[in-house]
1. Return the residues of the range A:85-103 that are in contact (Cβ under 8 Å) with a residue 24 or more places away in the chain, β-branched (V, I, T) and surrounded by fewer than 23 Cβ atoms within 10 Å (Cβ to Cβ); say none if nothing qualifies.
2. Give the residues of the range A:30-73 that are closer than 16 Å to A:D15 by Cα, open to solvent by less than 20 Å² (accessible area, probe 1.4 Å) and within 13 Å of chain B (Cβ to nearest Cβ), sorted by residue number.
3. Condition first: closer than 15 Å to A:E158 by Cα and more than 7 Å from every other protein chain (Cβ to nearest Cβ). Now tell me which residues in the range A:94-117 satisfy that.
4. Any idea which of A:L121, A:L139 is closer than 20 Å to A:V72 by Cβ, touching a residue at least 40 places away in the same chain (Cβ under 8 Å) and either of a type outside the set (G, A, S) or buried (at least 22 other Cβ atoms within 10 Å of the Cβ) (or both)?
Amino acid sequence: MKDHKVLSAASSSHDLVKRFRSWMSRIQIIVRYLGLEDALKIDEDRLGKAIIDYFDDIDRLKEYEGIEHASVSKIYAYETYWLVKRKPIMPVSPDLEDERIVFINEIACSMILLSNICNELGIIPVENDPHVEKFYDLLCYSLKYRDIPAKALELAIEFFFFGRRTEFVHKNVR
Amino acid sequence: MALVNCEEATRRFEEKLRSGYFRHDRSLNNEVDYPTEKEDRDTAGVEEFAKTGIFKVLYERS
């Protein structure tokens with residue numbers, strides 16, 4: 001089997017390994033806090049493939065766009081896209097007591113994406129905030145049932161940042 | 001439409017291309033190196049988020 005092109009660049013190898021470790025940690029955090037350690041496992045090969053797919057995409061985009069560093073919105077979007085596509089989180093048993101296990105990859109990625117975008121802004125979502133719940137519902141639904149390309153996710157994340165970071169001037173209402 | 005000599009038009013295009021006439025406007029950003037500056041922050045952030053009250057609330061809605 002040929003060496004994957006991404007693996008032949010020394011700096012890329014380091015980034016790949018670090019990203020694998022980061023995602024393994026993040027997924028395990030989610031699984032642990034949901035109390036689902038006995039119900040779920042992480043397929044390391046699927047996770048590895050998702051990371052490689054992500055770097056393939058990002059490296060291609062960086063080369064095409066002539067940029068040194070990708071924006072966090074692009075990173076978050078493409079990570080989410082490839083992780084949902086590869087579905088590394090798997091049920092231990094085929095007998096699913098909780099139907100949410102069927103969509104655990106989409107749910108975990110929604111949680112992690114929400115965490116990341118709030119973290120980037122230095123904010124924490126508040127419990128019982130209907131806006132957060134509505135946003136999460138749409139995000140989770142979209143990842144579960146719609147075919148959302150990574151570039152659309154990137155745009156959605158940028159809209160979120162734009163809304164939070166921009167100073168708007170209210171129109172005078174007569 | 002006035003007809004254009006293709007060869008001359010192509011030559012003009014090539015000259016402009018070489019001179020940098022066409023700005024590459026997609027690559028303007030000042031982003032930081034995510035692996036060194038933000039990746040560990042985001043991993044720690046996931047644990048912080050998992051400890052919040054809204055974490056379980058959102059999972060119940062999933």
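1. The answer is A:V92, A:I101.
2. A:I51, A:Y54, A:F55, A:I58, A:A70, A:S71, A:V72
3. Answer for the range A:94-117, where residues must be closer than 15 Å to A:E158 by Cα and more than 7 Å from every other protein chain (Cβ to nearest Cβ): A:L113, A:L114, A:I117.
4. The unique qualifying residue is A:L121.
The values are calculated or read from the model by the stated rules, or taken from the named source; none is laboratory data. It should be emphasised that the depicted structure is a prediction, and the values quoted were computed from it without experimental measurement. Ideal geometry is used to build each Cβ from the backbone, glycine not excepted, and the neighbour counts take in all protein chains shown. Note: areas computed on protein heavy atoms with side chains; ligands, DNA, RNA excluded. Shrake-Rupley method; radii C 1.70, N 1.55, O 1.52, S 1.80 Å.
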